[in-house]
Each structure stands twice: as structure tokens, then as C-alpha cells.
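Here, each number is a calculation from the coordinates, and none is a lab measurement. Computed from a prediction, not measured in an experiment: that's the story for all the values here. Please note: Cβ atoms are built from the backbone with ideal geometry, for glycine as well, and neighbour counts cover all protein chains shown.
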Amino acid sequence: MLARLANKRIVLGVTGGIAAYKSAELIRRLRDAGAEVQVVMTAAAQHFITPLTLQALSGNPVHTDLLDPAAEAAMGHIELARWADLVLVAPASADCIARLAQGIANDLLTTLWLATRARLAIAPAMNQQMWAAPSLQANLGQLRQRGVAVFGPAAGAQACGDVGEGRMLEAVELADRCADQFDTGALTGRHVVITAGPTREAIDPVRYISNHSSGKMGFAVAEACVEAGARVTLVAGPVSLPTPGRVTRVDVTSAQEMLAAVERAVAGADIFIATAAVADYRPAQVAGQKIKKLADTLSLELVRNPDIVSTVAARPDRPLVVGFAAETEKVLDHARDKLARKRLDMIACNDVARSDIGFRSDDNALTVLWKEGECVLEKASKPTIARQLVGLIAERLPASGRKD
Ligand code: C5P
């Protein structure tokens, strides 16, 4: 269940109340479930718990001030508002609830609340008499009406000695409620390792052998996997593409480096998707100095590179393995052969003889094959094709071993 929090970005707003000590444990629980947490504290909150404590637990600097130029330079309030998937105010004091209900933006937390399109939630914490106050209940009603989730409060003994409603929920329960805010995606709780782009095989310090792969398809697949809820490690050859959000990117140059990075990442992974156009051969010797043009002809001796996807498929703990095939003729015959020879679970084939799709294009079309079936994904943008492919991959995952 908590797997839904994997990779999610949560802004935790802490306001002034004795329950702020529970926020410390909540941060731990959210991070244990794989969420990233940025903490925003009001001035009153800092009387109850120190920013340093919450900084250590969240692993990020705590945000306290709307008008601090240094803090704004690191991650401004608008950036923070855009970053979040969920803004949870816990504890939410009566004062803060009133300001949120009225749309007052007089500190960082309330400003960010107005500026975000993230899901919104509050965990009220206050004295039972304050909780029962008609003005508080009216403010809460307004927030609920606007779709704000209200977690708790619980009833019981209060710090002030009263007994009644108003205690903040415990951290474990709050983490569960946060998870409830997110749908389960087809790959929720899964770890996916993807290779993308070309590799470069050095001839000498200034020259190399490579190919025209842009990496766009692999990057689109990485993005589609994140969208489906997965944790993604993207091992990328030399490409000039920005890293999709929430993807752990490992940059490599040669096939041997790519294999080493994949082997480090793939233990325990659920899915391996090999979109990289790995150079099949590399020069046997890399010249120490730039090769001079002295002779009329020059021969390079090439040796076979390791086959990364086959190496992963041969592991005893193999994940679901998906390969790509770029062919110029007899596309499906070659792909079926590759599926069996490389012991893949699935292969996606490109007809690279077509000029309108494939290598450097923004579009693609794929025929996806597996042992018992096949599916044609008609020409569309690479992100669209990637989403459809991820859907097919998710259907083929064994149900057992699901980590959510
Ligand atoms: O044999 P071929 O290169 O056509 O196979 C393509 C598939 O194998 C792709 O999924 C590609 O990423 C993968 N591959 C690999 N390591 C290699 C060569 C290809 O992982 N050395």
C-alpha cells in the first residue's frame, strides 16, 4: 500500500503545535516508503521543534521564510509549489486552518498552498474546545468543499490535560492517508532499469565508433515508467537530452561501461528494458596518442562487445527482460530469432529502413512480440508509443512478487 508513495514528492507544512514532534516521525515513514520530502515550517512551529531536526530527517534544507533571497535562490516558493505532488499540513493549527480557508498568503506555507496544483491535505491538531468552535468548523467545511483532504483528528487525552477530539493522528496513520491520495499505477512499487542512446567506442583519444541513436525512445520509455509509478534507473550513453523528472540517471560512454552500470543497478529489479543501440564491436586496441595519417590505408581490428541484454537475461535473478530490434529487412523474422536467442521475454521491433520513424525521428511505430503473441503499435509520437509499450510490459509481469 505504502508503495504508492514511491517517488512521490511531498511538501510537509509544519505549524505551531505540540503535535509537531509527530511530524518528525512522519517524515521518516514517508521517506522509508520512497517519498521525497521538503519541509516548510511556520515561525510558530520553530518554537516546538527545530528546523535542524527536520532537515536531518528529510535530507533537505527546511524552508522557513518567504522573503529570504538565499533560500529563494535554492528553491523558490513557486518552484516548491510546482515540485509537490501533495502538500500536507501536519500539524495544522486553528490559525493556519483559518488562513488557508480565507486564502491569506502571509507566510511561505500559506503562499505555497495558493500557488500549488498538488493534492492538498491537513492533519488538524488542537485543544478539543478549539476543535469544536463553530468558526473552526466553518473554516474546515470550506476547505473540505474545495477538495482538501482532512486527516483526523483522533480523540483521546490531550497535552493540555483535556480529553476529547483534536489529537493529531499518529505518524503511521498519516503516512497511510498520504498513500491513499495516490492511485496505483501499472508499475507501482516496481524498479525498472533502462538503457538508452548509443555507445561510443574509442579508437584513440579524439576518435570513436558510434551510431545515430538519439536516445529519445529510451528516455520516453523512462518517463512512461515513472508515470506508471515505477522507480527508474536510466543508464544513458552520450546523448543531449534532459533527464526526465524522478529518474536516476547514470551516464556512460562505452558498451563495457554500460554493462558495468547495468550490473550494478539490475540486482533486485523487476524489469530491464534495453533500448540502447550498443556498438557490437570496439577497437581491439585504443591508441594512446592521436593516430597520424601516414599510410594510405588503415585497418582497425575490432573485437565483440559484451551483449548487455543477454547478460541480464542469463542472471539467476533475472527481471522481466525487454529488448529492442532495429532492422532494415525481414524485421519480424529477425526479431523472433532475437527473442529466442537472447532469451528475452519481449521484443519491440523498429523498421529502421522507414525514413519517417525510428532513430533520429520524433515518431516511432513498433511491432511488439512475445512468446505467445504480438501487438502492433501504429506510428505515433515516441512518448505515446512508450506509454503503450509500458502497458504491454505491465500486462506480462508476473503477478507474484508485486511489491505493493
Ligand atoms: O543484436 P542486436 O544489437 O540487434 O539486439 C538489439 C537488442 O540487444 C537491443 O535491445 C539492444 O539494447 C540490446 N543489445 C545489448 N548489448 C549489445 C547489443 C545489443 O544490450 N552489445
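Remarks
- The ranking of Asp183, Asp85, Asp362, Asp296 by Cβ neighbour count inside 10 Å, starting from the fewest, reads Asp296, Asp183, Asp362, Asp85.
- Pairs from the table (Lys290/Lys382; Lys216/Lys292; Lys293/Lys342; Lys8/Lys379; Lys8/Lys338; Lys8/Lys216) lying more than 29 angstrom apart at Cα are Lys290/Lys382; Lys216/Lys292; Lys293/Lys342; Lys8/Lys379; Lys8/Lys338.
- The calculated Kirkwood hydrodynamic radius for region 2-180 is 16.0 Å, given to one decimal from all distinct C-alpha pairs.
- Under the combined filter of DSSP loop state and at most 13 neighbouring Cβ atoms within 10 Å, region 4-103 retains none of its chymotrypsin sites (Phe, Trp or Tyr not before Pro).
- Whichever aspartates and glutamates have a C-alpha closer than 13 Å to that of Lys330, once near sequence neighbours (fewer than 8 apart) are set aside: Asp351
- Sum of -39500 (n - 2.57) over DSSP H runs of 4+, divided by residues of the chain (222 nm, nearest 500): -9500 deg cm²/dmol
- Net charge dipole, region 2-180: roughly 440 debye, given to the nearest 20, about the Cα centre with Cβ charges of +1 for Lys and Arg and -1 for Asp and Glu.
- Among Phe182, Phe151, Phe324, a tally of other beta-carbon atoms within 10 Å of each Cβ gives an order, fewest to most, of Phe182, Phe151, Phe324.
- GNM remark for the chain: springs join alpha carbons under 10 Å apart, and the peak mean-square fluctuation among Gly59, Gly13, Gly229 falls on Gly59.
- Contour excess over end-to-end distance, with Cα ends at Asp204 and Ala260 and 0.36 nm allotted per residue: 18.0 nm
- Fully extending the segment from Arg318 to Tyr21, taken as 0.36 nm per residue of separation minus the present Cα-Cα distance, adds 102.6 nm.
- Local electrostatic count, Arg200, Cβ distance below 14 Å [Lys/Arg +1, Asp/Glu -1]: -3
- Highest average packing first - 265-273, 97-105, 193-201, 154-162, Cβ atoms within 10 Å: 193-201, 265-273, 97-105, 154-162
- FRET efficiency, Val150 to Ala98 (Cβ-Cβ, R0 22 Å, nearest 0.05): 0.95
- Counting only aspartates and glutamates at least 8 places from Lys22 when in the same chain, those with an alpha carbon closer than 15 Å to its own are Glu170, Glu173, Asp176.
- q = 0.07, 0.08, 0.12 Å⁻¹, the chain: log10 I(q)/I(0) [Debye, one scatterer per Cα]: -0.45, -0.56, -0.95
- Projected-area mean, region 191-400, by convex hull of Cα positions, square nanometres: 12.7 nm²
- Among Val11, Val303, Val239, the largest mean-square fluctuation in a Gaussian network model of the chain, built with springs joining Cα atoms closer than 10 Å, belongs to Val303.
- Antiparallel beta bridges, as assigned by DSSP with both residues in region 191-400, represent about 40 percent of the total such bridges.
- Each of Lys8, Lys290 has some number of other Cβ atoms within 10 Å of its Cβ, and from fewest to most they run Lys290, Lys8.
- Distance in nm between pseudo-label sites at Thr297 and Leu114 (7 Å out along the Cβ direction from Cα): 7.7 nm
- Most mobile of Cys375, Cys96, Cys178 in a GNM of the chain (Cα contacts under 10 Å): Cys375
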